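Asker: To start, I am sharing the structure in question, which I have written as structure tokens.
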Amino acid sequence: MNRENAPSAPDGTYDVYPAQANSEPWTRLEGWLHLERLVRGVMDRYGYVEVRPPMFEHTGLFHKSTGEVTDIVEKEMFTVPHKGEAGDRDSFTFRPEVTPGAVRLLVQNGLFKVRNLWKVWYLGPAFRYEKPQKGRHRQFSQIGVEAAGSGDPLLDVETIAVYVDILKAAGIARFDLRLNTMGCRDCRGAYREALKAYVAPTLAQRCENCRRRFERNVFRVLDCKKDSALNEAAPGAADHVCGPCKEHFAAVRAGLDLAGIAHRVDKRIVRGLDYYTRTVYEFSSAALGAQDALGGGGRYDTLVGSMGGPEVGAVGFAAGVERLFIAMEAEKAAVPPPPAPDFYAIAADEASRKEAFRAAQALRAAGLSGDLDFEARSVKAQMRSANRLGARYAVILDGAEVAAGKVRIKKMDGGEERSVPLPEAASILRGGQP
Ligand code: HAM
């Protein structure tokens, strides 16, 4: 096959493999393993349990929850027609976000009958048909939480605290948290009207996207980057929402102070998804460039009920894993190397290769980790592999020793060689004695 028709991954996707010089931070396997471990640690500390909804759902789920008049549903969905199987009402869509699937999972599996409040987390791919650029992929990964079953403003604060802890554990110290309220079904109408009255006289000066948004979803006019100067004097939701929404917002802010989490109110945070009520928030990082959203979320008090679950409040966030890796690299955050193998089994001659394989199997069966040569290379080359992998011990097999039922072990960081029976080698390697 010539190079031209060699297969390549689609634009906006990427592979993950052991780090190589100059590989992009989001492709490095070591980073993923590290992040997955630390995220699980934070979630355990806060009592969030993992859920794994499927990668694709019925398309209607996203129309009803993410929202019809959103960039995601209007232009970015990876939708696949069904092939006429009985029972399929709908096409399928690869999840552009996980929140709708996670809430469906809670309701469909009757979990609210078991417990009123569920705090769940997830880490996995999401799919959006966007124009790829740095920090923006078509298959990307989200870490997220959904806390469903309570309207307590301290729960909003807790979801934020979870992400702050993830950022800190990942070694990211520089980030901004901006906060806003979207009001509730009762007061949003009044705010919408106030905003429309402000925007209407400036409509002719606004970009095409905003002119379209004016009719369909005027709030999104506020997060337009092109027209930001026109929005400086726009009314903010925090001043227009009803008394209970104002109280909720004040309680979230007081809770953040209590938790020592710096934040500021920003009326431009309106979020591009339809289900939000009350609190909305976004994390950003100057390290990210144009795609500076490090994560975002908010409260959605009607979504659980709209899916047939109880009428309970809920709040959550999601964060792009690739962007976390970019920020980690910008802050030179340490990523621990993968654990070193316990041994590398070395065949001193061709006849001992089978014995090296047998010894490796016996050591693995004893719970040790290790590797060996499969290319019939010289002892010197095998030693180089042992070094490169950072093996703690070389376990050397040669004819004379094999005949005596023994192996030679050598501590790689300069230890003496010793001849011992294989079971003894296993216990030495386990105990770490020379
Ligand atoms: P979102 O703001 O659409 O919210 O996405 C959350 C995060 O996912 C963004 O802040 C960004 O870090 C990352 N992200 C989004 N699109 C891409 C992309 N194309 N490439 C790379 N990263 C991307 C949600 O998805 C909501 N489900 C959050 C939520 C959970 N709200 C309540 N619960």
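The values are calculated or read from the model by the stated rules, or taken from the named source; none is laboratory data. Just so it is clear, the structure is predicted and the values come from calculations on it, not from any experiment. Because the Cβ atoms are built from the backbone with ideal geometry, glycine has one as well, and the counts that use them run over all protein chains shown.
Asker: Residue check: is T59 crowded, with 19+ Cβ neighbours inside 10 Å and near the ligand (Cβ under 9 Å from one of its atoms)?
Answerer: Answer is no for this residue.
Asker: If you don't mind, there's one more thing I want to ask. Quick one: is A333 in contact with a strand residue (DSSP E or B) (Cβ under 8 Å, 6 or more places away or on another chain) and either within 13 Å of the ligand (Cβ to nearest atom) or touching a residue at least 12 places away in the same chain (Cβ under 8 Å) (or both)?
Answerer: Against the criterion (in contact with a strand residue (DSSP E or B) (Cβ under 8 Å, 6 or more places away or on another chain) and either within 13 Å of the ligand (Cβ to nearest atom) or touching a residue at least 12 places away in the same chain (Cβ under 8 Å) (or both)), A333 does not qualify.
Asker: Check T79, T93 and return the single one that is touching a strand residue (DSSP E or B) at 6+ places or on another chain (Cβ under 8 Å), part of a strand (DSSP E or B) and surrounded by 20 or more Cβ atoms within 10 Å (Cβ to Cβ). Don't jump to the end; show me each part of the working.
Answerer: Details: T79 fails: surrounded by 20 or more Cβ atoms within 10 Å (Cβ to Cβ).
After ruling out the rest, the residue left standing is T93.
Asker: Going through the range 304-326 one residue at a time, which ones are charged (D, E, K, R) and within 9 Å of the ligand (Cβ to nearest atom)?
Answerer: Residues satisfying the conditions are E322, R323.
Asker: All but one of (1) touching a helix residue (DSSP H, G or I) at 6+ places or on another chain (Cβ under 7 Å); (2) at pLDDT 95 or above; (3) farther than 14 Å from I143 by Cβ hold for R28; which doesn't?
Answerer: So the condition that R28 fails would be (1).
Asker: Assuming D349 fulfils every condition listed in (1) in contact with a helix residue (DSSP H, G or I) (Cβ under 8 Å, 6 or more places away or on another chain); (2) within 16 Å of the ligand (Cβ to nearest atom) apart from one, which condition is it?
Answerer: (2)
Asker: Looking at the range 183-242 only, could you name the residues that are surrounded by fewer than 18 Cβ atoms within 10 Å (Cβ to Cβ) and of a type in the set (K, R)?
Answerer: Passing the criteria: R185, R192, K196, R211, R212, R216, K225, K226.
Asker: Give me the residue from the range 377-434 that is in a helix (DSSP H, G or I), small (G, A, S) and touching a helix residue (DSSP H, G or I) at 6+ places or on another chain (Cβ under 8 Å) and, out of that set, surrounded by the fewest Cβ atoms within 10 Å (Cβ to Cβ). Give the derivation first.
Answerer: We begin by selecting, within the range 377-434, every residue in a helix (DSSP H, G or I); these are 379-389, 399-403, 422-431.
Filter again for small (G, A, S), leaving 381, 385-386, 399-400, 403, 425-427, 431.
Going one step further and asking which of them are touching a helix residue (DSSP H, G or I) at 6+ places or on another chain (Cβ under 8 Å), we end up with 399, 425-426.
Working: G399: 14, A425: 24, A426: 24.
That would be G399.
Asker: Assigned to a helix (DSSP H, G or I), at pLDDT below 95 and of a type outside the set (S, T, N, Q), is that true of A351? It would help to see each step written out before you state the result.
Answerer: Numbers: assigned to a helix (DSSP H, G or I): yes; at pLDDT below 95: yes; of a type outside the set (S, T, N, Q): yes.
Spelling it out, A351 is indeed assigned to a helix (DSSP H, G or I), at pLDDT below 95 and of a type outside the set (S, T, N, Q).
Asker: Cβ contacts < 7 Å: first residue over 20 Å from G370 (Cα atoms), restricted to the range 392-403; second residue not acidic (D, E), any location; separation 6+ or different chain. Result?
Answerer: G399/A351; G399/S352; E401/V407; E401/R408; E401/S419
Asker: Has the range 251-260 got at least one residue that is of a type outside the set (G, A, S) and within 16 Å of the ligand (Cβ to nearest atom)? Break it down into steps so the answer makes sense when it comes.
Answerer: Kept after step one, since they are of a type outside the set (G, A, S), are these residues of the range 251-260: 252-253, 256-258.
Restricting the remaining residues to those that are within 16 Å of the ligand (Cβ to nearest atom) gives 252.
Yes: the range 251-260 contains one or more residues that are of a type outside the set (G, A, S) and within 16 Å of the ligand (Cβ to nearest atom).
Asker: Give the residues of the range 327-348 that are part of a helix (DSSP H, G or I) and under 18 Å from L29 (Cβ atoms), sorted by residue number. Spell out the reasoning first.
Answerer: So in the range 327-348, the residues part of a helix (DSSP H, G or I) come out as 327-330.
Of everything in the range 327-348, those that are part of a helix (DSSP H, G or I) and under 18 Å from L29 (Cβ atoms) turn out to be M328, E329.
Asker: Hey, any hits in the range 292-303 for a residue that's without any contact (Cβ under 8 Å) to a residue 60 or more places away in the chain, more than 30 Å from N109 (Cβ to Cβ) and away from the ligand (no atom under 13 Å from the Cβ)?
Answerer: No, that holds for no residue.
Asker: Given R178, R212, which one is out of contact with any Leu (no Cβ under 8 Å at 6 or more places or on another chain) and within 30 Å of V335 (Cβ to Cβ)?
Answerer: On the way: R212 fails: within 30 Å of V335 (Cβ to Cβ).
It is R178.
Asker: Within the range 92-109, can one find any residue that is in contact with a helix residue (DSSP H, G or I) (Cβ under 7 Å, 6 or more places away or on another chain) and of a type in the set (K, R)?
Answerer: Looking through the range 92-109, at least one residue is in contact with a helix residue (DSSP H, G or I) (Cβ under 7 Å, 6 or more places away or on another chain) and of a type in the set (K, R).
Asker: Looking at the range 361-372 only, could you name the residues that are in a helix (DSSP H, G or I) and within 21 Å of P18 (Cβ to Cβ)? Before the answer, list the steps.
Answerer: Of the range 361-372, the ones in a helix (DSSP H, G or I) are 361-365.
Selection gives R364 alone.
Asker: Look through A233, A238, A262, A251 and report the one residue that is more than 15 Å from L179 (Cα to Cα) and among the hydrophobic types (A, V, I, L, M, F, W, C).
Answerer: A233
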